[in-house]
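The values are calculated or read from the model by the stated rules, or taken from the named source; none is laboratory data. Worth saying up front: this structure is predicted, and the values here are computed from it rather than measured. Glycine also receives a Cβ, built like all others from the backbone with ideal geometry; neighbour counts cover every protein chain displayed.
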Amino acid sequence: MLFRVLFILVVVQALSASPPAPQNVHVDNWLLTWTPAAEEGDTTYTVEYSSFDSFVWKNVTSCVHKSSNSCNVTSTKAEDEHGCVRLRVQAERHGLTSTPVEVCSRHGDSCTPYFSLMPGPGSLTVHLSRNHSLARDYADHAKHRVYYGKEGESLLYAKYEDALASVTIPELQEGQRYCVQVQNIYFGKCVGLPTCPQCVLIPESKKDSKPTVILAVGLMMVLVLLIPVIAYFLICKPERIKEWLRPPYELPEDFLEPFPDHHLAISSSSPTEECWNVITSISPQELST
């Protein structure tokens, strides 16, 4: 009996629970695709649109109760003067609907701004152009709304900056990934599809960059001062350079004195006579006898 009650409660709760919202919802050349959040055979999807000057959401006729995960939404361009509509998708099951998920566009067009990102130490520059159809029609009343936040945050509910063109976002955490999403606005009202988020890493500033710059500037100043001095000596004072390059030497103290007398005496004297002792003596008379 208890098992039956628990089983009925589980079945009722499952039937009364809202279906999970679709994921990865985006438009690519007016083909809307999404990823089902769960493999449920009885779950369908409906696409809604809102025109430029209306806050009312209406069903896209060809995209109601779709069991597939895609739908062509080209027909919605005719629902607005500028062809700029907003789109959202919601899942349906047993009469219950999920939270609607707003659609983003992967490519810029007349209704979705094109932008590029340039990260710097502690900041992020979002490059945008004022050359678009809304700006030509409404001048400075047409702006860009730049949503930004850390990766994983819901950007459409995060911080944002309104700008006519490019904007730099300061005071960001270094070493952290930030994502940006941009949408056109007119008098503060969102117009057209927002861009799909783009994420970049904010680089860390080099702590030793300042001493390196100072050293480079000092070296350049030294070179600027030395080059004219070296050129002057090479052109006007070459003899001074020869003197500086001549190796040091010392002459002996008696280098310039005359030679001593005994050297001359030795060279001019005659050979010495030999001395001997007489051992015997024979006269000529003795030899004759």
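The figures follow:
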read-out	value
Residue list for region 158-196, restricted to those being more than 30 Å from residue 56 (Cβ to Cβ) and either surrounded by fewer than 15 Cβ atoms within 10 Å (Cβ to Cβ) or out of contact with any Phe, Trp or Tyr (no Cβ under 8 Å at 6 or more places or on another chain) (or both)	165, 166, 167, 168, 170, 171, 173, 174, 175, 176, 177
Output for region 89-120, where each listed residue is part of a loop (DSSP other than H, G, I, E, B) and under 15 Å from residue 76 (Cβ atoms)	103, 109, 110, 111, 112
Residue check, residue 83 in contact with a helix residue (DSSP H, G or I) (Cβ under 7 Å, 6 or more places away or on another chain), small (Gly, Ala, Ser) and farther than 26 Å from residue 18 by Cβ	yes
Strands (runs of 3 or more DSSP E) within region 147-190 that include 3 or more residues touching a residue at least 40 places away in the same chain (Cβ under 8 Å)	167-169, 177-186
Qualifying residue in region 62-80 (condition: over 42 Å from the mean Cα position of the chain (by Cα) and surrounded by fewer than 13 Cβ atoms within 10 Å (Cβ to Cβ))	yes
Count of region 62-105 residues which are modelled with pLDDT under 90 and β-branched (Val, Ile, Thr)	3
Any hit, region 138-145, residues being touching a residue at least 60 places away in the same chain (Cβ under 8 Å), among the hydrophobic types (A, V, I, L, M, F, W, C) and assigned to a strand (DSSP E or B)	no
Any hit, region 161-179, residues being more than 22 Å from the chain's Cα centre (by Cα) and polar (S, T, N, Q)	no
Residues being part of a loop (DSSP other than H, G, I, E, B) and modelled with pLDDT under 90 - total across region 44-61	6
Subset of region 145-193 [closer than 15 Å to residue 129 by Cα, out of contact with any helix residue (DSSP H, G or I) (no Cβ under 8 Å at 6 or more places or on another chain) and among the aliphatic types (A, V, I, L, M)]	146, 163, 165, 167, 182, 185
Of all residues in region 102-111 being out of contact with any Phe, Trp or Tyr (no Cβ under 7 Å at 6 or more places or on another chain) and surrounded by fewer than 20 Cβ atoms within 10 Å (Cβ to Cβ), the one that is nearest to residue 190 (Cα to Cα)	102
